[in-house]
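Below is one structure, written out as structure tokens, with a few remarks after it.
Values quoted throughout were computed directly from the atomic coordinates according to the rules given, and no laboratory measurement underlies them. Not measured: the values here are computed from a predicted model. Neighbour counts are summed over all protein chains in view; Cβ atoms, including those assigned to glycine, are modelled from backbone coordinates with ideal geometry.
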Amino acid sequence: MAEKIITCITCPLGCNIFICGDENSVLSMEGNQCKRGEEYARNEFMRPVRILTTTVKVEGSGGSLLPVRSDKPIPKELLMQCMDEIKNVSAEIPISQYDVIIPNILGTNANIVATSEARR
């Protein structure tokens with residue numbers, strides 16, 4: 001059985017939620033002051049996800065980098081594998097904001113998209 005204290009970030013209260021459970025279920029939870037906190041803590045305990053933000057190289061730009069991010073949250077345990085894939089990619093200009101640089105990265109249904117544009 002695992003125990004964890006999770007600080008909720010869904011509202012300004014910032015509740016510290018004490019949660020106990022195993023890989024299949026939450027057995028107990030204390031400290032949340034709203035349903036949103038309960039949902040956040042449950043998800044963070046069972047399967048944490050994050051938006052991935054980083055940069056990719058831009059072809060023919062003399063070493064410029066393009067800021068990118070995932071358009072959906074990615075399971076936290078896949079972030080480093082995603083970074084390994086991203087570091088081998090370079091984007092070709094012209095690039096518009098929200099252009100997909102890597103579709104469906106690692107089968108997560110999340111695309112890596114440009115957060116700004118790049119022109120010659």
Practice item. Would you pull out the residues with amide H under 5 Å of residue 7's amide H, same chain only if 5 or more places away, H placed 1.01 Å from N? Key: 17
Check your understanding: Which one of 24, 43, 88 has the biggest mean-square fluctuation once the chain is modelled by GNM with Cα springs under 10 Å?
Key -> 24
Point to revise | Among (i) 12.6, 35; (ii) 18.4, 56; (iii) 16.5, 53, the entry derived from the coordinates for Rg and Dmax of the Cα atoms in Å | key: (ii)
Exercise for review: Take the alpha carbon atoms of segment 72-100, find their center, do the same for segment 1-31, and report the distance between the two centers in whole angstrom.
Suggested key: 30 Å
**Study point:** Label-point separation, residue 117 to residue 11 (7 Å along Cα→Cβ), nm
**Key:** 4.1 nm
Point to revise | segment 2-46 shape via C-alpha gyration tensor axes, a/c threshold 1.5 | key: prolate
Check your understanding: Which one of 47, 36, 69 has the biggest mean-square fluctuation once the chain is modelled by GNM with Cα springs under 10 Å?
Key -> 36
**Study point:** Total charge dipole magnitude, the chain, about the Cα centre, Cβ charges on Lys, Arg, Asp, Glu only, Debye to nearest 20
**Key:** 320 debye
Practice item. Quick one: dipole size for segment 53-114, taken about the Cα centre, charges +1 on Lys/Arg Cβ and -1 on Asp/Glu Cβ, in debye to the nearest 20. Key: 160 debye
Practice item. Obtain the nm distance between the two label points defined at residue 84 and residue 22 by a simple spin-label model: each point lies 7 Å from its Cα along the Cα-to-C-beta direction. Key: 3.0 nm
Review point. Taking the chain, how many lysine pairs are there with alpha carbons less than 24 Å apart, if each pair must be eight or more places apart or span two chains?
Key: 9
